[in-house]
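Here's the structure, in structure tokens; my notes come after.
Each value in this text was obtained by applying a stated rule to the coordinates, not by laboratory testing. Remember, it's a predicted structure, so these values are computed and weren't measured experimentally. Ideal geometry is used to build each Cβ from the backbone, glycine not excepted, and the neighbour counts take in all protein chains shown.
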Amino acid sequence: MRRTAAGLLLIAGLLPVDLASVVVAQEAADSSSDNGSALIDQSTLPTAIESKGSRPQADPSVLPAAATTLPENLDALQAPPSLALPDQTDQVRIRELRPLTLAEVEQLAEINNPELKAVALEVQQAKASLRAAIASWYPTLDLRAIGLPQYLAAEENVFSEGQDGRLSQFDRTSANFNARLNWNLIDPARVPQISAARDTFEKSRDSYLITLRQLRLVVAKAYYDLQRYDDQVNVGKQSVMASLISLRQARARFQAGVATKLEVLEAETQLSRDRDLLTNSLRLQSRARRNLAKITNLPQDVTPTAASPSRVVGLWEPSLQESIIAAYAFREELDRFILDISINNSKANAALAAVQPILGIYNNFTTDRTEGNEFGAAEPNFYQFGWDNAVGVSATWNIFDGGRARAQYRRDKLRADQSAYEFANQRGAIRLEVEQSFYDLKANQQTIRTASRAVISQREALRLARLRFQAGVTTQREVVDNQRDLTRAQQTYVNAVADYNITIAELRRYTGLDQVVSCPALDLPADKAQPSASEVVPIEPAPIIPACEASLLGS
């Protein structure tokens with residue numbers, strides 16, 4: 001009889017009864033989701049070659065194409081020239097904070113992002129390489145000329161025994177032209193080289209689709225992070241305002257003689273903490289804005305901001321198992337390893353072609369013309385012209401190369417086997433990505449629920465603590481503690497919403513599915529609730545004191 005881990009922990013007394021029941025229920029739900037209790041024979045699973053083919057082709061239709069033009073309202077945000085390099089401070093000074101939606105940011109990234117443009121050029125390079133490989137099917141024509149024309153002047157003095165020397169002079173003008181047409185009828189390396197080039201082209205197309213999907217995920221993450229820090233800034237402002245109210249009440253009670261100096265110091269300390277929280281949130285907000293500007297490659301004097309507030313994007317409908325299967329069918333990362341297997345097999349066949357015969361036909365046409373003067377004649381007295389044309393069959397065969405071709409063949413075959421193991425590793429990584437995002441999604445969903453309740457409870461707790469403090473039945477410490485708990489609950493809620501949206505974007509990227517149910521519209525009042533006059537306290541900007549001077553304030 002097999003016992004679960006939760007049951008063993010419960011017997012050992014290390015797990016509470018209620019928590020153990022939750023764990024056991026979760027295990028039961030997981031086991032009930034299986035169609036059978038017996039393990040599946042892994043040898044019966046279909047192979048990737050059977051499912052996708054030995055040479056899968058990229059399918060851009062499963063992914064919305066990248067934007068090619070910007071709308072008029074975004075036309076001013078075209079990327080600067082690729083080699084532009086500012087050298088003046090005015091050229092990098094921010095002159096505009098541009099509010100952008102997530103859809104607008106995606107459009108800008110797809111058009112301006114330099115990495116995506118570079119990968120698109122790699123696709124064109126691979127296409128040109130494929131065209132160059134296909135050219136081996138066609139005949140080649142070589143033209144060669146020696147001297148067009150070539151001028152030769154010479155003087156020759158010939159001496160013989162018993163006679164004076166005889167001077168001979170001549171000058172000649174000659175031209176030579178050669179044309180050779182060659183066509184390999186049998187070339188064992190031609191087909192595998194073209195096959196490798198074709199697979200490389202398909203692999204580059206897959207790389208472009210992967211880069212496009214990854215870019216959209218990076219943009220979504222950067223935008224949701226920016227919304228996160230915008231909300232964190234709002235939380236920091238609310239915390240500073242609440243601390244200012246508490247400090248004002250503490251000072252008023254101290255001046256009235258019903259509170260101690262300690263309560264005023266506690267309020268001042270909490271105000272310092274909240275100011276630090278706001279400062280850190282503003283820092284992260286600025287970094288998130290510039291990170292988004294870098295991804296979208298905006299002009300040097302523009303900084304993007306989030307035009308829409310953070311809210312839950314919707315509910316993920318597919319189950320974990322459906323998400324994993326969709327990811328296996330959707331991800332080009334797996335197709336690339338299948339193409340690597342085909343490429344290495346083609347290279348292995350091309351390596352063996354080095355010791356196989358090559359048979360071709362050729363046509364060689366040559367012409368030569370020469371004219372000139374000899375023996376000092378005033379007029380040309382020498383002329384020669386000739387041509388010949390040769391047609392034949394050529395054959396070359398490198399019978400022995402010391403075993404080099406066979407060694408290269410084994411190397412490429414081993415690389416094909418290596419790609420198969422890398423496929424298995426990538427398969428595990430893809431499943432892990434989906435599972436981690438799916439589990440994070442469930443956890444964030446629960447955190448949103450608990451954090452929202454905590455925010456509501458802490459708001460009421462802070463209100464009651466202030467009333468008790470004003471009535472003199474509690475101390476400032478209770479107000480400070482409840483205010484700090486409210487700030488933490490608000491931060492938890494903001495982070496949970498941002499993390500939830502990010503996991504939705506990850507699941508969309510990893511699985512290719514877009515089965516997200518939008519949240520129902522909230523029935524909210526048209527007018528925003530206004531706080532009472534006693535709760536409105538202006539937050540004055542604090543001056544930035546140099547660190548060397550600020551460190552002396554406490555001495």
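A few remarks follow.
- Taking the range 235-354 and dividing mean pair separation by its residue count, relative contact order in percent (alpha carbons under 8 Å, at least six apart): 19
- Close amide-amide hydrogen proximity is noted between Ser394 and Gly360, Ile361, Tyr362, each under 5 Å apart and 5 or more residues distant or on a separate chain (H modeled in the peptide plane; Pro and chain starts excluded).
- With 10 Å bins from 0: P(r) over the range 399-503, alpha-carbon pairs, percent: 14, 21, 16, 13, 10, 9, 8, 6, 3, 1, 0
- Shown for Arg287, Arg190, Arg216, Arg93: other C-beta atoms within 10 Å of each C-beta, ranked fewest to most, produce the order Arg93, Arg287, Arg190, Arg216.
- Exposure proxy ranking, count of Cβ atoms within 10 Å, fewest first, for Thr140, Thr69: Thr69, Thr140
- Calculated FRET value between Thr305 and Thr173, using beta carbons and R₀ = 45 Å, to 0.05: 0.05
- Glu322 versus Ala103: modelled label distance in nm, points set 7 Å from Cα along the beta carbon direction: 2.6
- Note on Tyr138 and Ser452: with the Förster distance fixed at 56 Å, the Cβ-Cβ geometry gives a FRET efficiency of about 0.20.
- Backbone HN-Hα couplings from phi across the range 56-66 [Karplus 6.51/-1.76/1.60, Hz, Gly and Pro as x]: x, 9, 5, 10, x, 5, 6, 10, x, 5, 5
- Shape annotation for the range 307-361: C-alpha extents along the principal axes are 71, 33, 17 Å, from largest to smallest.
- Cross-linked pairs Lys52/Lys347; Lys127/Lys347; Lys117/Lys413; Lys117/Lys442; Lys52/Lys117; Lys127/Lys221: Cα-Cα separations exceed 25 Å for Lys117/Lys413; Lys117/Lys442; Lys52/Lys117; Lys127/Lys221.
- On the beta carbon distance between Ala424 and Ile361, with R0 = 45 Å, the FRET formula returns roughly 0.40.
- The phi-based Karplus calculation (6.51 cos²θ - 1.76 cosθ + 1.60; θ = phi - 60°) puts the 3J(HN,Hα) values of the range 428-435 at x, 5, 5, 5, 5, 4, 5, 5 Hz, whole numbers, x for Gly and Pro.
- Centre-to-centre separation between the Cα atoms of the range 298-360 and those of the range 98-151: 21 Å.
- Considering all C-alpha pairs of the range 192-231, those separated by over 13 Å amount to 64%.
- With the simple spin-label model, which puts each label point 7 Å out from Cα in the Cβ direction, the Trp387 to Glu96 separation comes to 6.8 nm.
- ³J(HN,Hα), Karplus 6.51/-1.76/1.60, whole Hz, each residue of the range 396-402, x for Gly, Pro: 10, 8, 8, 6, 9, 10, x
- Across the range 326-355, the residues whose backbone nitrogen lies under 12 Å from the label position 7 Å along the beta-carbon direction of Asp401 are 348-355.
- Mean-position separation - Cα centroids, the range 218-291 and the range 450-482, in angstrom: 16
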